[in-house]
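Before any comments, here is the structure.
The values are calculated or read from the model by the stated rules, or taken from the named source; none is laboratory data. Please read these numbers as outputs of a predicted model, since none were measured by experiment. Don't worry about glycine lacking a Cβ; one is built from the backbone with ideal geometry, like all the others, and counts go over all protein chains shown.
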Amino acid sequence: MSTVAVTRLGRTKKQKAPFEPGLIPAPGELLVWRDSQHFDRWQDLPCTLCGQPTPMRSHSGEPVHKACAEGWITAHPVEARRGRFASDLAPKPRSKSQGDHA
């Protein structure tokens, strides 16, 4: 579901549906952040975990380096189950012939 917004010049612009998190990786595994919504090309903000500037954002919009989030999941496995940091939802294959190939 997408919504339509009107820009200053009266043009319409489609907005993306809410950003839904997927699975939480096991401690020591990598997050899958392929969606472009994880990257803010306009502003670097301090990472909530290390304090260094980052253009990366979690699903909730929290500024955080992907490596910092992975380290936090490893250091806090029980708390990580609450879903502070999660991978993207697995994209649906576009057709039967376009899946993962070995």
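Out of all the residues in the stretch 75-84, which are modelled with pLDDT under 95 and in a loop (DSSP other than H, G, I, E, B)?
Across the stretch 75-84, the qualifying residues are ARG81, ARG82, GLY83, ARG84.
Residue pairs, Cβ under 6 Å, 6 or more apart or interchain, first in the stretch 68-92 and touching a residue at least 12 places away in the same chain (Cβ under 8 Å) and closer than 23 Å to SER36 by Cβ, second in a helix (DSSP H, G or I) and small (Gly, Ala, Ser). List them.
ILE73/ALA80; PHE85/ALA69
Conditions tested, residue by residue: (1) of a type outside the set (A, V, I, L, M, F, W, C); (2) at pLDDT 95 or above; (3) assigned to a loop (DSSP other than H, G, I, E, B); (4) surrounded by 14 or more Cβ atoms within 10 Å (Cβ to Cβ).
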position: ALA26; (1), (2), (3), (4): no, no, yes, no
position: ARG34; (1), (2), (3), (4): yes, no, yes, no
position: ARG41; (1), (2), (3), (4): yes, no, yes, no
position: THR48; (1), (2), (3), (4): yes, yes, yes, yes
position: HIS59; (1), (2), (3), (4): yes, no, yes, yes
position: GLU70; (1), (2), (3), (4): yes, yes, no, yes
position: ILE73; (1), (2), (3), (4): no, yes, no, yes
